Amino acid sequence: MRIIDNDYNTYEQVIRICMKALSIGFEDALQIALAVDHNGQADVFQGDEGSARQVAEVIASIGIEVRVEPLTDAN
């Protein structure tokens, strides 16, 4: 699951929602916020589709664009 940068959510909002949705600490959430800001997006969750959609729903609740995509087989 990937989150996409936008021009209206603050660092604090991204950090707080990532902490909530992903059950992570401040430092990990800060690293996600920095990655999104610098790269325009960040992969934040890998797991089964149902869990990914639950995480995506929480993050999207504050207006952040999320993308849930199946993993591709690298083999």
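Computed from the coordinates by the stated procedures, all read-outs in this text should not be read as laboratory data. Every value quoted in this text rests on a predicted model; they were computed, and no experiment measured them. So basically every Cβ, Gly included, is an ideal-geometry build from the backbone, and we count neighbours across all protein chains shown.
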Exercise. Only one residue in Asp37, Asp48 is closer than 21 Å to Pro70 by Cβ and acidic (Asp, Glu). Which one?
Worked result: Asp48
Exercise. If you check Ile17 against the conditions, is it surrounded by fewer than 14 Cβ atoms within 10 Å (Cβ to Cβ) and of a type in the set (A, V, I, L, M)?
Worked result: no
For this session: Hand me the list of helices (runs of 4 or more DSSP H) wholly inside the stretch 7-75 holding 2 or more residues that are without any contact (Cβ under 8 Å) to a residue 24 or more places away in the chain and of a type in the set (A, V, I, L, M, F, W, C).
Result: 11-22, 26-39
Exercise. Does Ile4 fit the bill of being surrounded by fewer than 13 Cβ atoms within 10 Å (Cβ to Cβ) and within 8 Å of the chain's Cα centre (by Cα)?
Worked result: yes
